[in-house]
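See structure below.
The values are calculated or read from the model by the stated rules, or taken from the named source; none is laboratory data. Being a predicted model, the structure only gives us computed values, none of them experimental. Ideal geometry is used to build each Cβ from the backbone, glycine not excepted, and the neighbour counts take in all protein chains shown.
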Amino acid sequence: MELPVADTDIAPVPPTRFASVEVAWNGECAELPDMVSSDATDADIKAMVAEAVRAGFPGMRADQGVDLANFVLDRYAPTEARPIEKILVRAKTPFGGEEDARPTLTAAEKLSRLYNHARPQGMGFSHFTPEDMTVEQAQALLDARPDITYFDYLKGRVMKIDVAKEPLDTRLYNRDNGYEAAERALGLVGGDE
């Protein structure tokens, strides 16, 4: 016997939206194999990502010491080309804060330091030159094309950074050159200067 169901007893269920999650951790950048709900909180996503990194997944080596406490989430809305939301879990970038009392570097100084710490990748090996770039050479390069301050590859080295943009966006440089590589190159964290 079938029981009658009143229309008012059934509440409509809103559709679940999903997001892909990309994490940049310890010099590696990879997308989680499973999507998450777009409505998940930042804390929930950090917990899921930490668990995934501890176990490891394709593109990301397992790391039991993962700590995402000082990481931030960038949420990118769906586009026509990418119909789902994308969430990037990354380290905070120590640029542009009002509390930052460090001396400001010129675009040429940034370009020189970042170039000297960048590594060749892919087809860049065929254009790679091992010589470092001086600040004067960097300035001459910027002066020759003053409208171009974004560098994708430079003499075979992967850069993917706009040296005139403030605050400096180091995510892609770090993705390809290692965790906090830009910050180390610019002397903002321990390591190389």
Open item on the list: I'd like the full set of residues that are outside any strand (DSSP E or B), touching a helix residue (DSSP H, G or I) at 6+ places or on another chain (Cβ under 9 Å) and of a type in the set (S, T, N, Q), limited to the range 19-40.
Closed with: 26
TODO: Return a yes/no flag: does the range 120-132 have any residue that is assigned to a loop (DSSP other than H, G, I, E, B) and aromatic (Phe, Trp, Tyr).
DONE: yes
TODO: Using the structure shown, decide if residue 53 is at pLDDT 90 or above and either assigned to a strand (DSSP E or B) or not assigned by TED's automatic domain parsing to the domain that holds residue 85 (or both).
DONE: no
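Residue-wise test of (1) under 21 Å from residue 174 (Cα atoms); (2) touching a strand residue (DSSP E or B) at 6+ places or on another chain (Cβ under 6 Å); (3) surrounded by 14 or more Cβ atoms within 10 Å (Cβ to Cβ).
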{"residue": "118", "(1), (2), (3)": "yes, yes, yes"}
{"residue": "122", "(1), (2), (3)": "yes, no, no"}
{"residue": "125", "(1), (2), (3)": "yes, no, no"}
{"residue": "134", "(1), (2), (3)": "no, no, no"}
{"residue": "137", "(1), (2), (3)": "no, no, yes"}
{"residue": "142", "(1), (2), (3)": "no, no, yes"}
{"residue": "148", "(1), (2), (3)": "yes, no, no"}
TODO: Report the residue count in the range 151-170 for those that are surrounded by 12 or more Cβ atoms within 10 Å (Cβ to Cβ) and either hydrophobic (A, V, I, L, M, F, W, C) or not in a loop (DSSP other than H, G, I, E, B) (or both).
DONE: 12
